[in-house]
C-alpha cells in the first residue's frame with residue numbers, strides 16, 4: 001500500500017483543457033499490478049516508468065523512447081521529434097490515447113495503451129497515418145525500451161528470446177545490433193539486416209524476457225497480434241543489456257492508416273522466462289495449426305547426414321566430403337544406412353547428389369538448381385535402385401533442394417536466371433551468393449518449378465523427404481523479377497516462403513502421403529508449414545547463445561516444433577538432447593557411436609515423454625553450469641540433467657515438485673539408481689556429463 005501511494009505521488013498529473021480533450025505532461029496507465037508512466041508533450045512521447053505494483057520494483061532506470069520511426073532518411077525516436085497534439089485518459093487511468101505528429105515526416109501517430117484489470121500487463125497499439133501525397137516506407141522499432149533494470153544486480157540479469165532452441169543468456173555483456181565490438185556478445189534474437197531494417201529470419205517466439213537470476217521477478221515484452229499466415233507481420237525482437245527492440249516495417253500509401261500489431265509490456269514478481277512464454281502462447285495458440293508429422297520422421301530421434309558441409313545449419317561446422325568420397329555409386333546408398341543405424345537412426349539425408357558443371361570446377365554441390373542425379377555415381381537408374389535398396393532395409397531417404405538460389409551455370413540458371421532472378425527496387429540483380437541468382441519466393445513460376453523438382457524426386461526416384469535449404473533464414477527480402485516487375489514487400493516475400501513450402505508439402509504428400517518437408521531453420525511461422533528443421537544454436541548462432549543452452553523456451557512453449565540439431569562436441573550434443581530435441585548426426589560422430597546410439601534409442605523408447613510429452617519445468621540445480629528438464633508423457637516421467645562445465649564435477653540436488661517426493665529414479669545412461677529425499681534428488685554428474693533419469 002505504501003509503495004502504491006509513493007508511486008502515485010511520483011506520477012501526479014498536470015491537466016488543462018484542449019478542445020475538450022485532456023492534455024497532460026505526465027500520463028499514467030495502470031491497474032492493480034502494473035503502472036506505466038509516460039511524458040507526453042511538444043518534444044515527444046517518453047516512457048519514464050514501468051512499475052510492478054505488487055513488489056514495488058521500478059524497471060526503468062530513466063527516460064526511454066517508447067518507439068522509433070525511420071523513413072525518408074530520418075530516424076525519429078518517439079521522445080525527440082514526435083510532437084504530442086492531445087492526450088485522453090480514462091477515469092480509472094486504465095487506458096490512455098496519445099495523438100502526435102512527426103516534425104520531420106508527414107506522419108501522424110496515435111498510441112493506445114490499456115492495462116486490463118487483473119492482468120500484469122499493459123497493452124500498446126501504435127497507429128500510423130500517412131498525410132502526404134506520396135507513398136512512405138516506414139521502419140518502426142516498437143517497443144524501443146532502454147535502461148531496463150531488475151531488482152537484483154546487473155550481473156544476475158538474464159535475458160531470453162526464443163530464437164531457435166535456446167537463447168537464454170546473461171545480459172550483462174551483450175550489445176545492441178549497431179554496436180560492433182568483438183569482445184561483446186551480440187544481442188539475443190535473429191540478427192537485423194541493416195539494408196531492410198528487419199531480421200532476415202524470425203524467432204521461434206516473438207517475445208523478450210528480462211529477469212533476475214535470483215528469482216525476484218522481472219519484465220517482459222511480447223507480440224500479441226502477429227500472424228503472418230493471416231497477413232499480419234509480427235513484431236520481431238532483439239534484446240541486449242542496452243534494452244529491447246521490436247522491428248516492424250510497412251509501406252503507407254497516401255492517406256493510409258496502418259495499425260501495428262499490439263505488444264504487451266508485462267511484469268512478474270518471481271520466476272523467469274516461463275511467464276513471458278505462457279503469456280505469448282496463450283495469445284497465439286488459438287490461431288496455430290500444425291501439419292501432422294509422420295511418425296517415421298518424428299519418432300526416430302535423429303537423422304544421419306553422410307558428411308558435414310553444405311547440408312545446412314549445424315552440418316556446416318562438420319568436416320566436408322564429396323559424396324563420391326563416401327560411395328562409388330548410388331547403388332551403395334545402403335552403406336550410408338548402415339552408418340546411420342550404427343548411430344540409432346534409419347533416416348539418411350543426402351546432398352551433393354546432383355550433376356555439376358565445368359564452370360564450377362567439378363564441384364557438383366555448387367551447381368544448384370537442376371537436381372538431376374550425377375552421372376559419375378550412376379545417374380538416374382542407380383539412384384532409383386539405391387533408394388529402393390535403402391527402403392528394403394527399413395530406411396528412409398531425405399534429399400536436399402536449395403529453395404533460395406540457383407547457380408548461374410545450372411540449366412535452369414542459364415534458361416531463366418536473368419528473368420527470374422531477384423532484383424532490388426532499382427532493378428539490379430541481388431548477389432547474396434557469388435555466381436548465383438537469388439530467387440523470389442512469391443513469384444509463381446519459381447514456385448511451380450520447385451514443386452516440379454520435388455515431385456520428380458519423390459515420384460520418379462522414390463525419396464521420402466525434401467530438405468529446403470536456406471529457406472526460413474531468408475525471410476523479409478524485398479525483391480522483384482524482370483519477368484514480372486512487381487516489387488514484393490518483406491511481408492509478401494515471407495508469405496511467399498510459406499506458400500511455396502505449403503505447395504511442396506501438398507504436392508509430395510499427394511504422391512506419397514507420409515513424405516516430409518524440412519529445412520533450415522524451423523524457427524518462426526515456417527514451423528506450421530513443414531515437418532521440422534535444423535538450427536544453428538551451436539553453429540553461427542553460438543555466440544548469441546554464449547556457447548551454451550541453459551533452457552529451451554520453444555520446447556516448453558511449443559512442443560509441436562520439431563527442431564533437429566546438434567553441436568560441435570559431445571558436450572554440446574548432450575545439451576541439445578537434454579533440452580528435448582532430435583539430433584542431427586553425420587559421419588563425424590561415428591567414432592562415438594557406442595555413446596550416441598543409446599541416447600537415440602532412449603529418445604525413441606521414451607518418446608511419450610521426450611518427444612511428445614510436455615517439458616513441465618526446469619528443476620533447480622543450484623549451479624549455473626547444470627541445466628535440468630522435467631518431461632511428462634502419457635506413461636513416463638523423465639528428467640534430463642547436463643553438466644555444461646568441462647572442468648567441474650557436479651554434486652548437488654535437483655529440486656523436484658512435491659508430487660515427486662521420495663521417488664526412485666534410474667539413470668538410463670549408467671543404470672545407477674537415485675532416490676529422492678523429500679523433493680530433493682541428490683545426483684552427481686561428471687564434467688560434460690549427462691543424466692537421463694526415468695521415474696520408477
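Please return the ranges of strands (runs of 3 or more DSSP E) entirely within segment 537-623 where 2 or more residues are within 25 Å of residue 187 (Cβ to Cβ).
Counting at least 2 such residues, we get 563-565.
Against the condition loosely packed, with under 13 Cβ neighbours inside 10 Å, in contact with a strand residue (DSSP E or B) (Cβ under 7 Å, 6 or more places away or on another chain), farther than 22 Å from residue 597 by Cβ and not assigned by TED's automatic domain parsing to the domain that holds residue 595, how does residue 649 come out, does it pass?
Taking the combined requirement at face value, the residue satisfies it.
Taking only segment 218-239 into account, find how many residues are in a loop (DSSP other than H, G, I, E, B), surrounded by 24 or more Cβ atoms within 10 Å (Cβ to Cβ) and touching a strand residue (DSSP E or B) at 6+ places or on another chain (Cβ under 6 Å).
Of the residues in segment 218-239, 3 are in a loop (DSSP other than H, G, I, E, B), surrounded by 24 or more Cβ atoms within 10 Å (Cβ to Cβ) and touching a strand residue (DSSP E or B) at 6+ places or on another chain (Cβ under 6 Å).
Looking only at segment 540-574, which residues are closer than 21 Å to residue 403 by Cβ and at pLDDT below 95?
Across segment 540-574, the qualifying residues are 540, 541.
When you scan segment 265-367 for helices (runs of 4 or more DSSP H) that lie fully inside it, which ones turn up with 2 or more residues that are touching a helix residue (DSSP H, G or I) at 6+ places or on another chain (Cβ under 7 Å) and touching a residue at least 12 places away in the same chain (Cβ under 8 Å)?
Per the criteria, 274-284, 333-342.
Being within 20 Å of residue 586 (Cβ to Cβ) and surrounded by 24 or more Cβ atoms within 10 Å (Cβ to Cβ) is the requirement here; does residue 363 meet it?
no
Applying the selection to segment 521-532, what residues are touching a strand residue (DSSP E or B) at 6+ places or on another chain (Cβ under 6 Å) and at positive phi?
532
For segment 561-588, give me each residue that is within 16 Å of the chain's Cα centre (by Cα) and within 10 Å of residue 642 (Cα to Cα).
576, 579
Over 26 Å from residue 217 (Cα atoms), crowded, with 24+ Cβ neighbours inside 10 Å and out of contact with any helix residue (DSSP H, G or I) (no Cβ under 8 Å at 6 or more places or on another chain): is that true of residue 161 in this structure?
no
Could you please let me know if residue 391 is assigned by TED's automatic domain parsing to the domain that holds residue 587, out of contact with any helix residue (DSSP H, G or I) (no Cβ under 9 Å at 6 or more places or on another chain) and touching a residue at least 24 places away in the same chain (Cβ under 8 Å)?
For residue 391, the condition - assigned by TED's automatic domain parsing to the domain that holds residue 587, out of contact with any helix residue (DSSP H, G or I) (no Cβ under 9 Å at 6 or more places or on another chain) and touching a residue at least 24 places away in the same chain (Cβ under 8 Å) - is met.
When you check residue 331 against the structure, is it touching a strand residue (DSSP E or B) at 6+ places or on another chain (Cβ under 6 Å) and surrounded by 16 or more Cβ atoms within 10 Å (Cβ to Cβ), yes or no?
no
Taking segment 410-461 as the region of interest, how many residues are in a strand (DSSP E or B), out of contact with any helix residue (DSSP H, G or I) (no Cβ under 6 Å at 6 or more places or on another chain) and either within 17 Å of residue 354 (Cβ to Cβ) or in contact (Cβ under 8 Å) with a residue 40 or more places away in the chain (or both)?
Residues flagged as in a strand (DSSP E or B), out of contact with any helix residue (DSSP H, G or I) (no Cβ under 6 Å at 6 or more places or on another chain) and either within 17 Å of residue 354 (Cβ to Cβ) or in contact (Cβ under 8 Å) with a residue 40 or more places away in the chain (or both) within segment 410-461 amount to 4.
The values are calculated or read from the model by the stated rules, or taken from the named source; none is laboratory data. This one's a predicted model, so the numbers in the text were calculated from it and none came from an experiment. Heads up, the Cβs are rebuilt from the backbone with ideal geometry, glycines too, and the neighbour counts pull from every protein chain shown.
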